[in-house]
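Asks: The structure that follows is given in the form of structure tokens.
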Amino acid sequence: MTEVIATNETILVVGGGISGMTAALEAAETGKQVVLVEKRPYVGGRVTQLFKYFPKLCFPTCGLEINQRRAKMNPNLNIITMAEVTDIKGEAGNYTATVKISPRYINENCTACGDCAKAVETEFDDEFNYNIGKRKGAYLPHRMAHPQRYVLDPAIIGTDDAQKAKEACKVNAVDLDMQEETIEFKAGAVIWATGWKPYDANKIQPYGYDRIANVITSVEFERMADPNGPTGGKLQRPSDGKEVKSVAFIQCAGSRDKNHLLHCSRICCMASLKQATYPADDVDISIYYIDIRAIDRFEDFYQTVKAKENVKFIKSKVASIVENKENGNPTLHGVDTEGYKRYADEHDLVVLAVGMEPSVDKESFPVEIVINEEGFIEPAPENGGVFAAGCSSDALDVNRAVQHATGAALRAIQVVNRVAATEG
Amino acid sequence: MSDLNTAMIEKYRSNFLKEVEANVEEGEWVKMCMQCGVCSGSCPLGKHWDHPPQEIFMMIRANKRDEVLGTDSMWMCTSCYNCIARCPRGLPITHIMHGLAVYSKRLGLTQKKQPTAEFSQIFWDNLMKKGRVNELKLGLSMYFKDGFGQGVKNAMANQKLGQNMMKAKRMNPMEFFGGHSVKDLSGFQSMVKKAQEIEEGNLKEAK
Amino acid sequence: MADEKKFAGYVCTGCGLGERLDAGQLETTATRDGKMQSCKQHEMLCSAEGVQLIKDDIANESVTHVMIAACSKRAKVEAFNFPEVAMTRANLREGVIWVRPESDENQETTQEMADDYIRMACAELKSMSQPSASGEQTLNKNILVVGGGITGMTAAIEAAAAGYPVHLVEKSGKLGGALGSYYKVIPTRSPYDAPAENPVPGMIEAIEADDRITVHLNSTLAKTEGAPGRFNVEVATESGSSETLSIGAIVQASGWKPYDASQLPEFAHDKSADVVTNHELEALAVAANGGPIKRPSDGKEIKSVCFIQNAGQCSDKEGHLSYFSGVTDLVSIKQAMYFKELNGDCDTTILFDNLRTPGAGGEDFYRAGQQAMVTFSKGIASEVMPGDSLTVKFEDKILNEQTEMVCDLVVLATGMEPNSGPDPYAQLMVDEAEDEEEKAKAQAILENAPPSILNLQYRQGTDLPHLKNGFNDSHFICFPYETRRTGIYAAGPVRRPMDAQQARDDATGAALKAIQAAENAGLGRAAHPRSGDLSFPSFRKEGCTQCKRCTVECPFGAINEDEEGYPMYNESRCRRCGTCMGACPVRVISFENYSVETVNQQIKNVEIPEEWDEKPRILVLACENDAYPALDQAAQAGVEINPWARVIPVRCLGSVSLSWVTDALNNGYDGIVMMGCRRDDDYQCHFVRGSAMAAERMSKVGDTLDTLNLEPERVILHEVAITDVERAPQLINDMAETVEKIGLSPFKF
């Protein structure tokens, strides 16, 4: 049974991505008791799946290492993974949270030695790599995963594979009898940091993501470019493995569009500019955009990419993509609106700069909370002691999400400090 | 009609966008365009447009009144609705194009011999006679609109099609002699007349 | 804790260690060579049982120093957590058996590697002690906020709401800052469809009603000395009086100033009263007093207005701002809507290139502007011709033509410039100038510098360092509140251009960081990234030559100098990176648990085989933040590392003492590989300058090699990222090849 010691002076953080982790660590390092609930088997969220950050082109795992070290060293922080908050009742200063914890089938004895993965045979699509490539039924989600413990896929429970995993483990870490459990605990304030998910590109019918192999999403491109990713960092076409020589980026794939996401997802322009630097300089890059939204210092980065000889910008929302059946090339149809030029351009690979969608849909919040038209949490006083952090409040880049989460930590601290003052 | 045109120029002077808002069907949407161009790229007849929809919207905002009302671009629209389906701002582009065409025709600014405009007029006249479309006469009017000689040539070229349609009972040669009408023809005609009066009234008011 | 030191070693035989290595021999090595008073084996040391074994020894056997030979120090951190004792970890799993192939022929070298790591861990342990807070700290909860604009007011309100007393210092005679005089603000709540009421008056009321907030108007900071938890701040008023405040931590919210539009002659700002900046328009809107906005030149009601976006921004022209001031497109939409509200039928056109209205609120507001009949034209304005009416020449990018429009008023959407103090490194450049010419140049920069805001009495200057374009930002993406002056946090437009809502969010975050800094200073705990670290540098005064390297090189300006020129450490300013230690030529600076000696002992306790054994030794000094995790991941991935390598993690490459290199070479090491973080403008060093300092120092290592008559290839410094899972081992293996090529070191004995 998972034990949580919590009081009305405890801060509950829902979601362990960069925003949730930041809020949790900042509050814990200010001396507050924090319980962090994360749905995945590890913390770090979506940034762990990014290859680089804009505009420095540095690596997200670099910051993740520091945050994970902070988490390991801090006795005030209790992280519960594979867990979801199903209900929150009460009011600011006095909440009761119900949390459902899925079985990991691996206990704390795990030393991440990897023997179970060697023994298990069944493979599954690797969700960490957006299903590019496979992982075993016993797996460490990624090398830096924290907690550094393997996971058994529930699909192998009851099969021979599960037994093999159990037998292979020398430290008695495999517990096939582990059950789903539901726990309740108190909290004085809640930080809601459930983040975002990439917009489902299948819904953008004219772009043919569901039917053209060489049309991929920006998040998949990140995994492809990562040397530690499923293709070893090689930019190759999904259809035939051919080396990519021309890439098109389609901006606002799902964003700024009343048929999809009404809002601008803020990060996609910069993300595509960043991704334009991934291929070698002899790869032709075309960026189809409506407005390049480079804010403050990012302008420098925009200018740097603009100055690259292999990169061109076309002010156009691409109308449709048709596959050239002979060579598998996606052909982009549309109009360059700067002076009305029609085009039908073939590329080796098309990357859809998909928008950011709040990962919890409007109807699914387990707590009463004010949500705006776009599905983001409003900074409303009616939310009581529940405070949004990061992308649950707006489409934000990492820097702004962290900034926002740090502020959210203070809001939560204000509540629990009031509790402490009245309870003496 | 040119009176009306002068009146409109007078009234809206420097603001064609406002004129369009007031007088063109769905014209109030024009200001919402963000120039992404997806409509222009989605149009199956796109290459026949001198000015695609998104550009027309910009021209309206740039007060290019003569160019917009004088172009035949909006007459190219075949109402496939691709643009409406894809427009990220939800502009009813098809309707706006038809609205602009109608407005241009009202003001007498439509290009002479614009085939869609001509067809529309023939269709309308045909419809008004009997309250229903006489397809045989509609076809013939189209064939012979550019004179007798050209009409015979057009008819010969489509001879086979006509015969097949008759065989399939999709066209009745007897319709050539008068043809049948809707039940209450005079009622229909006065109804249309009234509607036209109301519309004219609206425009006069706009003067 | 007893004064008597007691050393105990623990060798784990789990995770294949028992199968791959001779645990008995490891135990012997720990006791015989490592001088552990006891050494125990356990088949799974990280299990509850294994941990209990150690805990019992600490409790019952008075063990004070623990050596754990198991996995990487990054693994099982929570299990091996014994805060009351000093501890070292010998990395036998990721460091040895996972990077060496399992075969008989390799057995000997693999065991040697493991034995060496045990010797190193024991030697390190022998020369360290467990740090604890000095107990001299006191908690000072007072938060000082500099600047009474919307950012500063927010920081004050939010910190006070958490129960912390606040001093809010404002230079002018009233609170509110630039925004305070604005007609309305960009909307901050859904549906983002109209300019919102200015929040400033309500905030001023809230501050006046809050007895936890003390407002100091017409005041500036005459002097700020001390450190987080014990700042003494002299607040001077315009009238000449002053008072000294005792402060825990500081938020600097000194705001922004509008760009000087007289630098844009093409737009005739100085020729026509009817060409105004976005900042100036706010005054016209306020002056309209609810009626129509009037032309400045003749007082006529404005019937048409043109906004020129990015006036003097996003441009590399002389005198222009290279960056985009974040909010100026939203501001123009807001202001165009003023005209729709106040001037009825007024035509408003916004000429833009890329309309930058990001996020949910941004896009909503753009649509709201269009709905209100604001005309948006993708166009680049080139000239404004003054006259009775103004003519704006521009290139229409959509209609692809040069054209012009006539209007009553032109609004230039100009940018925001930071209201920061002088860059402390501009002062240093003067101090450090090597010749007169350089000095004159640096002096010119310094003389054009703005007046100080904080007046810090720091060795390294009076104010927060600049990042770029004069903004007091950090360069971190993951850690936006990283500051190079611990306990002082910049917030709002002094950090980067931002709108009111973002400034309020930013101020709230900065207030939290200030509170956190004050709390941790009270406990003697380090700030990010070594949060909670209680170790702290001290120096041996007898050995110090007052050379000032440490006070100059500290990336955080933590060290002052006393009257005699000796360094004065300020515990709560220090981030524990050890750059001072690496800088010290006479090796007098040390932490309790990390010193020249702790590493030197590791270097010396590696067994250097005789020359004829043909077993080279390669010393690897790896940054523990990036290079070391990269090596750990390489081990997970099963990448092989040469058996001659001995890796020592360092806090930062900046902490590497040149003496380690010299001593290693003298001891007969054949090659040295140093791995630090990227150090250019896009640096990734968590201590900002550590890696760069190391590179500078090591550039002089050639002299040492020369003196020793050794080949320059024997010592190399690489930039290594945490993602260099293949490359980091390769760099080590490359050194092994180099050694093979040039031969073993002659310094073996």
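Asks: For the range A:377-410, enumerate the residues that are at the interface with another protein chain (Cβ under 7 Å from one of its Cβ atoms) and either among the polar types (S, T, N, Q) or under 19 Å from residue A:7 (Cβ atoms) (or both).
Replies: Correct list: A:399, A:403, A:406, A:409.
Asks: Now for a different question. For the range C:724-745, name all the residues that are closer than 30 Å to residue A:67 by Cβ and touching a helix residue (DSSP H, G or I) at 6+ places or on another chain (Cβ under 6 Å). I'd like the intermediate steps shown before the answer.
Replies: Of the range C:724-745, the ones closer than 30 Å to residue A:67 by Cβ are C:724-732.
Passing the criteria: C:724, C:725, C:728, C:729.
Asks: Filter the range A:6-35 down to residues that are under 16 Å from the mean Cα position of the chain (by Cα) and either open to solvent by 20 Å² or more (accessible area, probe 1.4 Å) or of a type in the set (A, V, I, L, M, F, W, C) (or both), then give me how many there are.
Replies: Going residue by residue through the range A:6-35, those that are under 16 Å from the mean Cα position of the chain (by Cα) are A:14-22.
Adding the requirement that they be either open to solvent by 20 Å² or more (accessible area, probe 1.4 Å) or of a type in the set (A, V, I, L, M, F, W, C) (or both) leaves A:14, A:18, A:21.
Number satisfying all stated conditions: 3.
Asks: Next question, about the same structure. Can you tell me which residue within the range C:523-563, out of those that are of a type in the set (S, T, N, Q) and closer than 30 Å to residue C:84 by Cα, is least open to solvent (accessible area, probe 1.4 Å)?
Replies: The first filter runs over the range C:523-563 and keeps only residues of a type in the set (S, T, N, Q), leaving C:531, C:535, C:538, C:545-546, C:551, C:560.
Add one more test, that the residue is closer than 30 Å to residue C:84 by Cα, and what stays is C:531, C:535, C:538.
Working: C:531: 27, C:535: 0, C:538: 62 Å².
Per the stated criteria, the residue is C:535.
Asks: Among residues belonging to the range B:115-137 that are surrounded by 17 or more Cβ atoms within 10 Å (Cβ to Cβ) and either out of contact with any Lys or Arg (no Cβ under 9 Å at 6 or more places or on another chain) or among the charged types (D, E, K, R) (or both), point out the one that is farthest from residue B:173 (Cα to Cα).
Replies: The selected residue is B:118.
Asks: Now for a different question. Please work out if residue C:35 is open to solvent by 20 Å² or more (accessible area, probe 1.4 Å), in the same structural domain as residue C:113 (by TED's automatic domain parsing), farther than 23 Å from residue A:110 by Cα and outside any strand (DSSP E or B).
Replies: Values: open to solvent by 20 Å² or more (accessible area, probe 1.4 Å): yes; in the same structural domain as residue C:113 (by TED's automatic domain parsing): yes; farther than 23 Å from residue A:110 by Cα: yes; outside any strand (DSSP E or B): yes.
Criteria met by residue C:35.
Asks: Moving to a separate point now. Report, by residue number, each residue of the range C:342-366 that is more than 16 Å from residue C:306 (Cβ to Cβ) and either touching a residue at least 60 places away in the same chain (Cβ under 8 Å) or surrounded by 24 or more Cβ atoms within 10 Å (Cβ to Cβ) (or both).
Replies: C:356, C:357, C:358, C:359, C:360, C:361, C:362, C:363, C:364, C:365, C:366, listed by residue number.
Asks: Within the range C:95-109, track down each residue that is of a type in the set (D, E, K, R) and within 13 Å of residue C:643 (Cα to Cα). Before you say what the answer is, go through the steps one by one.
Replies: Filtering the range C:95-109 down to residues of a type in the set (D, E, K, R) leaves C:100, C:102, C:104-105, C:108.
Within the range C:95-109, C:100, C:102, C:105, C:108 qualify.
Asks: Same structure, new question: Quick test of your reading of the structure: residue C:612 fulfils all but one of (1) at pLDDT 95 or above; (2) over 20 Å from residue C:733 (Cβ atoms). Name the failing condition by number.
Replies: Only one criterion in (1) at pLDDT 95 or above; (2) over 20 Å from residue C:733 (Cβ atoms) is unmet by residue C:612, namely (1).
Asks: Is there a residue being open to solvent by 10 Å² or more (accessible area, probe 1.4 Å) and on the phi > 0 side of the Ramachandran plot anywhere in the range C:317-331?
Replies: Yes: one or more hits.
Asks: Might you check whether a residue that is open to solvent by less than 30 Å² (accessible area, probe 1.4 Å), touching a residue at least 12 places away in the same chain (Cβ under 8 Å), within 29 Å of residue A:64 (Cβ to Cβ) and not in a loop (DSSP other than H, G, I, E, B) occurs anywhere in the range C:583-594?
Replies: no
Asks: Pick out the one residue from C:696, C:711, C:740 that is within 33 Å of the chain's Cα centre (by Cα) and open to solvent by 30 Å² or more (accessible area, probe 1.4 Å).
Replies: Numbers: C:711 fails: within 33 Å of the chain's Cα centre (by Cα); C:740 fails: within 33 Å of the chain's Cα centre (by Cα).
None of the other options fit; the residue is C:696.
Asks: Which is under 30 Å from residue A:217 (Cα atoms), buried (at least 22 other Cβ atoms within 10 Å of the Cβ) and at pLDDT 95 or above, of A:84, A:38? So that I can check it myself, show each step before the final result.
Replies: On the way: A:84 fails: buried (at least 22 other Cβ atoms within 10 Å of the Cβ).
When all the criteria are applied, what remains is A:38.
Asks: Sticking with this structure for a sec: Would you please name the residue that is farthest from the other protein chains (Cβ to nearest Cβ), looking only at residues in the range A:256-277 that are of a type in the set (Ser, Thr, Tyr) and surrounded by 20 or more Cβ atoms within 10 Å (Cβ to Cβ)?
Replies: Residue satisfying both the conditions and the ranking: A:272.
Residue-wise test of (1) out of contact with any helix residue (DSSP H, G or I) (no Cβ under 6 Å at 6 or more places or on another chain); (2) buried (at least 24 other Cβ atoms within 10 Å of the Cβ).
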site	(1), (2)
C:445	no, no
C:450	yes, no
C:482	yes, no
C:490	yes, yes
C:498	yes, yes
C:508	no, yes
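Asks: I've got another one for you. Before we move on, is residue A:139 within 14 Å of chain C (Cβ to nearest Cβ), free of Cβ contacts under 8 Å to residues at least 24 places away in the same chain, buried (at least 18 other Cβ atoms within 10 Å of the Cβ) and within 30 Å of residue A:402 (Cβ to Cβ)?
Replies: On the way: within 14 Å of chain C (Cβ to nearest Cβ): yes; free of Cβ contacts under 8 Å to residues at least 24 places away in the same chain: yes; buried (at least 18 other Cβ atoms within 10 Å of the Cβ): yes; within 30 Å of residue A:402 (Cβ to Cβ): yes.
So residue A:139 passes the test.
Asks: So which residues in the range A:411-424 are facing chain C (nearest Cβ under 9 Å) and in contact with a helix residue (DSSP H, G or I) (Cβ under 9 Å, 6 or more places away or on another chain)?
Replies: A:411, A:413, A:414, A:417, A:418
Asks: Of everything in the range A:154-213, what is more than 14 Å from chain C (Cβ to nearest Cβ), open to solvent by 70 Å² or more (accessible area, probe 1.4 Å) and either in contact with a Cys (Cβ under 6 Å, 6 or more places away or on another chain) or in a loop (DSSP other than H, G, I, E, B) (or both)? Give them in sequence order.
Replies: Within the range A:154-213, A:158, A:177, A:179, A:180, A:210, A:211 meet the criteria.
Asks: Does the range C:403-415 contain any residue that is within 14 Å of chain A (Cβ to nearest Cβ), more than 30 Å from residue A:395 (Cβ to Cβ) and among the hydroxyl-bearing types (Ser, Thr, Tyr)?
Replies: Looking for residues that are within 14 Å of chain A (Cβ to nearest Cβ), more than 30 Å from residue A:395 (Cβ to Cβ) and among the hydroxyl-bearing types (Ser, Thr, Tyr), one finds at least one in the range C:403-415, hence yes.
Asks: Among C:679, C:714, C:646, which is the only one that is within 14 Å of chain A (Cβ to nearest Cβ), over 21 Å from residue C:586 (Cα atoms), touching a helix residue (DSSP H, G or I) at 6+ places or on another chain (Cβ under 7 Å) and among the basic types (Lys, Arg)? Walk me through how you get there before you give the answer.
Replies: Numbers: C:714 fails: within 14 Å of chain A (Cβ to nearest Cβ); C:646 fails: within 14 Å of chain A (Cβ to nearest Cβ).
From the options C:679, C:714, C:646, the qualifying one is C:679.
Asks: Quick one: is residue C:307 in a strand (DSSP E or B), within 28 Å of residue B:34 (Cβ to Cβ) and either assigned by TED's automatic domain parsing to the domain that holds residue C:463 or of a type in the set (A, V, I, L, M, F, W, C) (or both)? Write out each step before concluding.
Replies: Numbers: in a strand (DSSP E or B): yes; within 28 Å of residue B:34 (Cβ to Cβ): yes; either assigned by TED's automatic domain parsing to the domain that holds residue C:463 or of a type in the set (A, V, I, L, M, F, W, C) (or both): yes.
Criteria met by residue C:307.
Asks: Among the residues of the range B:75-90, is any farther than 30 Å from residue A:253 by Cα, open to solvent by less than 40 Å² (accessible area, probe 1.4 Å) and in a helix (DSSP H, G or I)? Explain how you work it out, then say what you get.
Replies: Taking the range B:75-90 and keeping what is farther than 30 Å from residue A:253 by Cα, we get B:75.
Among the residues that remain, those that are also open to solvent by less than 40 Å² (accessible area, probe 1.4 Å) are: B:75.
Adding the requirement that they be in a helix (DSSP H, G or I) leaves B:75.
Checked against the condition, which is being farther than 30 Å from residue A:253 by Cα, open to solvent by less than 40 Å² (accessible area, probe 1.4 Å) and in a helix (DSSP H, G or I), the range B:75-90 yields at least one hit.
Asks: I've got another one for you. With the checklist (1) within 17 Å of residue A:198 (Cβ to Cβ); (2) in contact with a Lys or Arg (Cβ under 6 Å, 6 or more places away or on another chain); (3) in a strand (DSSP E or B); (4) not aromatic (Phe, Trp, Tyr) in hand, flag the one item residue A:250 doesn't pass.
Replies: Status for residue A:250: all satisfied but (2).
Asks: Checking residue A:355 against (1) in contact with a Leu (Cβ under 8 Å, 6 or more places away or on another chain); (2) within 7 Å of chain C (Cβ to nearest Cβ); (3) not aliphatic (A, V, I, L, M), which single condition isn't satisfied?
Replies: For residue A:355, the exception is condition (2).
Asks: Can you tell me how many residues within the range B:159-207 are within 24 Å of residue B:128 (Cβ to Cβ), of a type in the set (Gly, Ala, Ser) and open to solvent by 60 Å² or more (accessible area, probe 1.4 Å)?
Replies: The qualifying residues number 2.
The values are calculated or read from the model by the stated rules, or taken from the named source; none is laboratory data. Here the structure is a predicted model, which means the values were calculated and not measured. Please note: Cβ atoms are built from the backbone with ideal geometry, for glycine as well, and neighbour counts cover all protein chains shown. In case anyone asks, the SASA skips ligands and DNA or RNA and just uses the protein heavy atoms, side chains included. Shrake-Rupley method; radii C 1.70, N 1.55, O 1.52, S 1.80 Å.
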